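Asker: One structure, pasted below without further comment.
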Amino acid sequence: MLFQKIISVSASIYPIILYSFTVLFLTSGCTEKESVDGVESITAVMPAEGEHNFVDVTQPSGIGFVHDMGDNHLTNVIESVGGGCAFLDFNQNGLLDLYIANGSYHETVSSGDRPRVLSRNALYENLGNGRFRNITDQSRTGDTGYSMGVTVGDFNNNGYPDIYVSNYGPNVLYRNNGDGTFTDVTSSAGVAGNESSAGAVWLDFNNDGLLDLYVANYVEFNPELNLTYAPDGYPGPLNFKGQADVLYRNNGNGTFTDVTEEMGLYNPAGRAMGVGSIDLDGDGYPDIFVANDAMANYFYRNEQGNGFRDVAVRTGLAFNRGGEATASMGVSFADFTGDGLIDLFVSDDSYNSLYQNQGGGLFRDVSFPSGIAIASGQHVGWAAAFIDYNNNGFKDIYTVNGELKHLHGQEDQLFENDGNGNFRDVSAEQGPYFGEAMVGRGGCFGDYDNDGDMDVFIVNLNQEAVLLRNDIGNRNNWLLINLRGTQSNRDGVGTIVKVTTGEVTQTAQKTGGGQYLSKNDPRLHFGLSNYNTIDRIEISWPSGIEQILENVEVNQILTIEEQ
């Protein structure tokens, strides 16, 4: 077996360019807990190479989570939405833990009798040996509200990630105390709301070094409404009034201020599902993309931190290639072409939409010519993400699928990027799980076992959650980058990182959320193919600080602090 050794190093590349980093070297040995230079870590057991890329390890991992929509039958749009999940390192020991949003019996939403014990959200601690343990009780994070999604961000810059849970009804903000426990600070922070919230994302919209919060709200649900016919099962989202999303500005003292109207974002017609934030126009300020259900999507361009303007129609992001408003679910960002421009993938109930950045603020839906549309047309996509599953340097796409209005399963899909703008459905080659029909919803993607390739955790509606371990992706080289802001926000959200190996430059940007109701590994992952040395890493922080690293070793987890 293999274990990790943590070494802290400070160095200088040039007299004016300083950086500090933590490197996790892979060495032979046993699983153990050790402290080097004052940094303590539980080392991870490396999985043996298997026959398939993805192996279902849910049962041996100790994760026994079963999602509960609060009802025995799927009877309305609220029950159909949840639930999300997040990879986070809540105790900062270098291992990814899991927070999972659960539904619950709700008098307005659910039918039948109220159960004696309400279901709740769960926090699982990564023990570093391939196993997790449920620490919901001791961590005090077991919200019993009707939870939809979760996002994670260090809003008070104390070095420990906090958890925001979006609910049908009041939302919850858990502040990380740094000792393994959390405190519910929703009321004092002023971020409860009382809408039907779905996705949420952390961003520093004014670049003041503090993470702000954008909450995407869904519909004004009316249980008495019945404007449908039997085959549909229940009324769709357009039968209900929409709800305005909310932007909360971080005041820096543990409180937030609702600046939605002030910033030009008040729009009560929206029916938001997923939301993501990234700087798409390269002006140094994060923009906001909102995936709406059964209506046009929104793309709010950030006007230098002074306000936002919806330019979705003008940029080509409002509708799909056919000019249709789809039931959009979530959004994922990446440069899948390698041209340095950030592209978007939006999962939906038809063909999914892959928007290629044309530059100049324009996007083109290339889902059909890329080969994605036809292969995904018979599925309903929910959580989805760009991941380099085989570490060859090209961003692939994973989609979590599930029936829209019935508890009928669908198989997940993995689309492999050939490096020329084309994708091929390689799901059948990835292992037995891709032959199983599950009612997929949320999903988070990350390297939970620190072996250099991307694993997947999936929440299935009213079913068991699934952990898929990637066993052979790390046959190619890799790099994980953990950002630590000092002048910028502590998480480094908004930072642009460019990694150059040979003639290839990969561009990534740190985001504060985006996948459907979920949050991925906070570290940036780069597949490096067979390159044995990284020639150059360029880091552009939101503060304007630039850093350069040269001749960096591959196959390591690198923590870069803003200097």
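The values are calculated or read from the model by the stated rules, or taken from the named source; none is laboratory data. Treat the numbers as computed from the prediction; the structure is a model and nothing was measured. Quick reminder, even Gly has a Cβ in these numbers, built from the backbone with ideal geometry, and neighbours come from all protein chains shown. Please note that ligands, DNA and RNA were not included when accessible areas were found on the heavy atoms of the full protein model with its side chains. Shrake-Rupley method; radii C 1.70, N 1.55, O 1.52, S 1.80 Å.
Asker: If I model a spin label at His73 and Asp418 as a point 7 Å from the Cα along the Cα→Cβ vector, what separation in nanometres do I get?
Answerer: 4.8
Asker: Based on the alpha-carbon gyration tensor of the range 147-241, what equivalent-ellipsoid semi-axes (square roots of 5 times the eigenvalues) come out, in whole Å, largest first?
Answerer: Numbers: eigenvalues 221, 39, 23 Å².
Semi-axes from the Cα gyration tensor: 33, 14, 11 Å.
Asker: Would you be so kind as to identify which of Gly180, Gln356, Val117 lies farthest towards the positive end of the dipole of the chain, taking Lys and Arg as +1 and Asp and Glu as -1 on Cβ and the Cα centre as origin?
Answerer: In the chain, that residue is Val117.
Asker: So, one more: If we sort 440-449, 335-344 on the protection proxy, mean other Cβ atoms within 10 Å, highest first, what's the order? Present the calculation step by step, with values, prior to reporting the outcome.
Answerer: On the way: 440-449: 27.9, 335-344: 19.3.
Packing proxy ranking, top to bottom: 440-449, 335-344.
Asker: Right, another one. Find the accessible area per residue for the range 379-525; the probe is 1.4 Å, ligands and nucleic acids are left out, and the unit is Å².
Answerer: Counting only protein heavy atoms, the per-residue value for the range 379-525 is 26 Å².
Asker: Only Lys, Arg, Asp and Glu count, each charged at its Cβ (+1, +1, -1, -1), so figure out the dipole size of the chain about its Cα centre, rounded to 20 debye.
Answerer: 460
Asker: Applying a 10 Å radius around every beta-carbon, put 77-88, 174-185 in order of their mean neighbour count, most first.
Answerer: Highest to lowest by the protection proxy: 77-88, 174-185.
Asker: For the chain, how many pairs of lysine residues have a Cα-Cα distance under 30 Å, where the two are 8 or more positions apart or belong to different chains?
Answerer: Here the count comes out as 16.
Asker: Where the accessible area of the range 204-348 is counted over protein heavy atoms with a 1.4 Å probe, how much of it, in %, is carbon and sulfur?
Answerer: Percent of accessible area from carbon and sulfur atoms in the range 204-348: 45.
Asker: Next question, about the same structure. Ratio of alpha-carbon Rg to the 2.2 N^0.38 Å globular estimate for the range 65-170, to two decimals, please.
Answerer: 1.14
Asker: Still on this structure, please answer the following. If each residue of separation counts as 0.36 nm, what is the full-extension length gain between Glu107 and Asn551 once their alpha-carbon separation is subtracted?
Answerer: Values: separation 444, 0.36 × 444 = 159.84 nm, distance 5.97 nm.
That pair, Glu107 and Asn551, stretches by 153.9 nm at full extension.
Asker: Between Leu118 and His408, how many nm apart are label points set 7 Å from Cα along the C-beta direction?
Answerer: Label-label distance for Leu118 and His408, simple model: 3.4 nm.
Asker: Right, another one. Rg/Rh for the range 216-366 to two decimals, with Rh computed the Kirkwood way over all alpha-carbon pairs.
Answerer: 1.01
Asker: Treating each Cα of the range 410-469 as an identical point scatterer and ignoring solvent, apply the Debye formula and state log10 I(q)/I(0) at q = 0.22, 0.24, 0.29 Å⁻¹.
Answerer: Computed log10 I(q)/I(0) values: -1.01, -1.11, -1.23.
Asker: In deg cm²/dmol, rounded to 500, what helix-only [θ] at 222 nm does the chain give when every DSSP H run of at least 4 residues adds -39500 (n - 2.57) and the total is split over its residues?
Answerer: Working: 6 runs with 26 residues, N = 563.
The helix contribution divided over the chain gives -500 deg cm²/dmol.
Asker: Among (1) 24.6, 75; (2) 62.9, 209; (3) 21.7, 72, which is the computed Rg and Dmax of the Cα atoms in Å?
Answerer: (3)
Asker: Using the crude model of +1 on Lys and Arg Cβ and -1 on Asp and Glu Cβ, and no other charge, please compute the dipole size for the range 154-277 relative to its Cα centre, in debye to 20.
Answerer: On the way: 4 positive and 15 negative charges, 39 e Å.
The calculated dipole for the range 154-277 is roughly 180 debye.
Asker: Between Glu324 and Asp283, take the C-beta separation as r, use R0 = 41 Å, and let me know the FRET efficiency to the nearest 0.05.
Answerer: So, using R0 = 41 Å, E works out to roughly 0.85.
Asker: For Asn251 and Ser540, what does the FRET efficiency come to when R0 = 22 Å and r is the distance between their Cβ atoms, rounded to the nearest 0.05?
Answerer: 0.25
Asker: Which FRET efficiency, nearest 0.05, do Ser187 and Gln487 yield, Cβ-Cβ r, R0 30 Å?
Answerer: 0.45
Asker: What ranking do 55-67, 376-388 get when scored by the average of other Cβ atoms within 10 Å per residue, highest first?
Answerer: The packing order, highest mean first, is 376-388, 55-67.
Asker: Still on this model: Specify the inter-centroid distance of the range 346-422 and the range 236-313, based on alpha-carbon positions, in whole Å.
Answerer: Their Cα centres are 23 Å away from one another.
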